[in-house]
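The values are calculated or read from the model by the stated rules, or taken from the named source; none is laboratory data. All of these numbers come straight from a predicted model, not from anything done at the bench. Here the Cβ positions follow ideal geometry from the backbone for every residue, glycine too, while neighbour counts run over all protein chains shown.
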Amino acid sequence: MSDQKRLLVAAVLMAAVLFISWQFMGKTGSGTDSVNTQTTVTAQIPPEQITVPEDSEVVKTPPVDTLSVKVYEDTLATDVTEKTLDEPDERVITVIIRGNGEDLVYAEVTTHGGAIRSWELPQFEDMPGAGEGRSINFNGSNWLDRGIAFATDSQDTLIIDEQPQTLILFTDDEREVRYTFTPDHYGFSVESVGFDEMVSIPAGVLPVSEQNVNASRYFKAQWNAEKVKDRKSDDINEVEQVGNVRWIAARSHYFAIILIPESFERAYGYILPSGPEESPSIGIQDTRVKVFAGPLDYGRLRRLGGDTSRLVDFGWPFIREIGRLLFWFCTTVISFVSNWGIKIIVLALALKLVLLPLTNKSFKSMAKLKQVQPKMKALQEKFKNDPKALQTAMQKLYREEGVNPLGGCLPMLMQMPVFFALYRVLANSVQLRGAPFMMWIQDLSHPEILIKLQPPILGLHGLGLLAVLMGLAMFFQQKMTMTDQKQKGMMYMMPIFMTFLFMRFPAGLTLYWFTNNLLTIAQQEMIKRKLEKEEA
């Protein structure tokens, strides 16, 4: 097999694996129409109607049928307001959580039910690119609602800036709910006194916050019970106990509500059915629970602990480690660069420098291979009827000329794991959500669209210039290294195929590959001139 054929095989394998990864792992939704972002409010199961096992700290195997679908259905038919006692006038406490001088959360806690009535994240736009200018708000329904009236001695507004503050809600019969808010934290701790050991989040709290997604596959429940597992909201058909968990979460692509037990290292977790286009209902058996309600920021989740950082999908184990390294480089080493497009260009340059010794050796081998083509053709003509003798003669020629016929594959093979890892980082890092680069490229986490297509054609919502430039750069790169004229047709087909493929990938990934191709062309040209001088 010629070197060009090996390069072709490597390129085809890379494209195939990348396409399969995108098709089955990297997509947040397969729908082509924007969905209705209004959610149907679904009542949550009151804690007193849920039977939970005892000694949740030590039990390893969850008991069977601790919850029943019948209980769940009966509860949905009951309006939680029917259980409300004689209520005083409602008070709404505004909570502002700040971090590093910026407002992270605007929250409202109501004394009617002691519930979170609103949870707004002012730093994150709802539906990036839609031009609506609203912030993300987890207000599908009142959550953590106890179904009774509370009173409080708190002031109307709590500003959480320098130290934690606790909001205490109480009743005449000495039952309490305590919310403790901490600066620079998307969440709080909640402690219940006089209530059953169950904290639950109703369905529909998380909003659909991206355009052109299939909402029925957009939400899922995820939990850590020995290992991290998940189930899409549309696949949760019955009330189910998911075991002794370190945490359980209802999540969308970029945001989540996570429940972490504080009384025990582990506690029993539950998932409950929701509407077809709603975030799932989740619950955990504990009276002291840490709640995270915010963006799936890898750095913040690492500090939160409990392997909650696995909620950010950086891919398979080996790819995940590379992805973590790339993410660390972009958010730490070059943190002074604010534009993520520039970060990606710097990353491409840094990776090219790291792989420089290997790629230099590989490109020199390819250049020499191209120079010895006349000798190879002469040997092929001389031994055309004796394949064994031809193979021996070719190996001798390779040794004499210092040529490695496999050397041309190495740069691409070395790039493949980095490419897949970067794909996962760009597609799943909330930092890239709505991150602009320049001109019309205003969201590096989604495909670049210069010309919109209505309706979509072959799954493309639009055409991008960056992908075309990447295809042209790939064409010139292949032309510079082609050693077998019989493969000239593929020199045209592969760039066209890859251009179509990259039209569907995040613009940040296309920018990286385009930059990498330009650097590779420059490197190949420098090596070519150096070899020509050595020959002269």
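Could you check region 273-320 and list, in sequence order, the residues that are of a type in the set (Lys, Arg) and surrounded by fewer than 21 Cβ atoms within 10 Å (Cβ to Cβ)? Before you say what the answer is, go through the steps one by one.
Here is the first cut: in region 273-320, the residues of a type in the set (Lys, Arg) are 288, 290, 300, 302-303, 310, 320.
Within region 273-320, Arg288, Arg300, Arg302, Arg303, Arg310, Arg320 qualify.
Output the residue which, of all residues in region 364-395 that are among the small types (Gly, Ala, Ser) and without any contact (Cβ under 8 Å) to a residue 24 or more places away in the chain, is farthest from Gln478 (Cα to Cα). Step through it out loud before you land on a result.
Taking region 364-395 as the starting set, the residues that turn out to be among the small types (Gly, Ala, Ser) are 365, 367, 378, 389, 393.
Adding the requirement that they be without any contact (Cβ under 8 Å) to a residue 24 or more places away in the chain leaves 378, 389, 393.
Values: Ala378: 24, Ala389: 31, Ala393: 27 Å.
My answer is Ala389.
Yes/no per residue for (1) more than 24 Å from Asp184 (Cα to Cα); (2) assigned to a helix (DSSP H, G or I); (3) free of Cβ contacts under 8 Å to residues at least 24 places away in the same chain; (4) in contact with an Asp or Glu (Cβ under 7 Å, 6 or more places away or on another chain):
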position	(1), (2), (3), (4)
Phe292	no, no, no, no
Gly306	no, no, no, no
Ser309	no, yes, yes, no
Asp313	no, no, no, no
Gly323	yes, yes, no, no
Gly341	yes, yes, no, no
Ala350	yes, yes, yes, no
Leu353	yes, yes, yes, no
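Just the residues that are under 25 Å from Val208 (Cβ atoms), in contact (Cβ under 8 Å) with a residue 40 or more places away in the chain and not hydroxyl-bearing (Ser, Thr, Tyr), please, taken from region 438-457. Steps first, please.
Taking region 438-457 and keeping what is under 25 Å from Val208 (Cβ atoms), we get 440-449, 452-457.
Right, trim to in contact (Cβ under 8 Å) with a residue 40 or more places away in the chain and you get 441-448, 455-456.
Matches in region 438-457: Ile441, Gln442, Asp443, Leu444, His446, Pro447, Glu448, Pro455, Pro456.
Give all pairs with beta carbons closer than 8 Å in which a residue from region 184-198 that is among the β-branched types (Val, Ile, Thr) meets a residue that is assigned to a loop (DSSP other than H, G, I, E, B); count only pairs at least 6 apart in sequence or on separate chains.
Going by the 8 Å Cβ cut-off, the qualifying pairs are Val190/Leu144; Val193/Glu174; Val193/Arg175; Val193/Thr287.
Quick check on region 115-142: of everything there that is surrounded by fewer than 16 Cβ atoms within 10 Å (Cβ to Cβ) and at pLDDT below 90, which residue is nearest to Phe188 (Cα to Cα)?
So the first thing to find is which residues in region 115-142 are surrounded by fewer than 16 Cβ atoms within 10 Å (Cβ to Cβ), and the list is 122-123, 129-135.
Going one step further and asking which of them are at pLDDT below 90, we end up with 129-134.
Numbers: Gly129: 31, Ala130: 31, Gly131: 31, Glu132: 29, Gly133: 27, Arg134: 24 Å.
Among those that are surrounded by fewer than 16 Cβ atoms within 10 Å (Cβ to Cβ) and at pLDDT below 90, it is Arg134.
Anything in region 501-535 that is part of a helix (DSSP H, G or I) and touching a Ser or Thr at 6+ places or on another chain (Cβ under 6 Å)? List them, or say none. Explain how you work it out, then say what you get.
Narrowing region 501-535 to residues part of a helix (DSSP H, G or I): 501-502, 507-535.
Within region 501-535, just Phe502 meets the criteria.
So, Thr331, is that one surrounded by fewer than 23 Cβ atoms within 10 Å (Cβ to Cβ), modelled with pLDDT of 90 or more and not charged (D, E, K, R) or not?
On the way: surrounded by fewer than 23 Cβ atoms within 10 Å (Cβ to Cβ): yes; modelled with pLDDT of 90 or more: yes; not charged (D, E, K, R): yes.
Yes; evaluated as a whole, the condition is true for this residue.
Just a yes or no: is a residue in region 328-337 of a type in the set (A, V, I, L, M, F, W, C) and in contact with a strand residue (DSSP E or B) (Cβ under 7 Å, 6 or more places away or on another chain)?
Looking only at region 328-337, we keep the residues that are of a type in the set (A, V, I, L, M, F, W, C), and these are 328-330, 333-334, 336-337.
In the following step, the residues that additionally are in contact with a strand residue (DSSP E or B) (Cβ under 7 Å, 6 or more places away or on another chain) were identified as none.
No, the conditions are met nowhere in region 328-337.
Can you report the number of residues in region 280-305 which are touching a strand residue (DSSP E or B) at 6+ places or on another chain (Cβ under 7 Å) and more than 28 Å from Val193 (Cα to Cα)? Write out each step before concluding.
Applying the first criterion (touching a strand residue (DSSP E or B) at 6+ places or on another chain (Cβ under 7 Å)) to region 280-305 yields 280-296, 304.
Imposing the further condition that a residue be more than 28 Å from Val193 (Cα to Cα) reduces the set to 295-296.
Final tally of qualifying residues: 2.
Which residue, of Lys290, Lys227, Lys220, is under 16 Å from the mean Cα position of the chain (by Cα) and not assigned by TED's automatic domain parsing to the domain that holds Asp126? Spell out how you get there, then give the answer.
Numbers: Lys290 fails: under 16 Å from the mean Cα position of the chain (by Cα); Lys227 fails: under 16 Å from the mean Cα position of the chain (by Cα).
Unique residue meeting the criteria: Lys220.
Given (1) surrounded by fewer than 16 Cβ atoms within 10 Å (Cβ to Cβ); (2) assigned to a loop (DSSP other than H, G, I, E, B), identify the lone condition not met by Asp145.
(1)
Please report, ordered by residue number, the strands (runs of 3 or more DSSP E) entirely within region 229-270 with at least 1 residues that are surrounded by fewer than 20 Cβ atoms within 10 Å (Cβ to Cβ).
240-245
Take the residues of region 186-197 that are closer than 21 Å to Phe138 by Cα and out of contact with any Leu (no Cβ under 8 Å at 6 or more places or on another chain): which is surrounded by the most Cβ atoms within 10 Å (Cβ to Cβ)?
Quick first cut of region 186-197, residues closer than 21 Å to Phe138 by Cα only: 186-191.
Pick out the ones that are also out of contact with any Leu (no Cβ under 8 Å at 6 or more places or on another chain) and you get 187-189, 191.
On the way: Gly187: 22, Phe188: 28, Ser189: 18, Glu191: 19.
Residue satisfying both the conditions and the ranking: Phe188.
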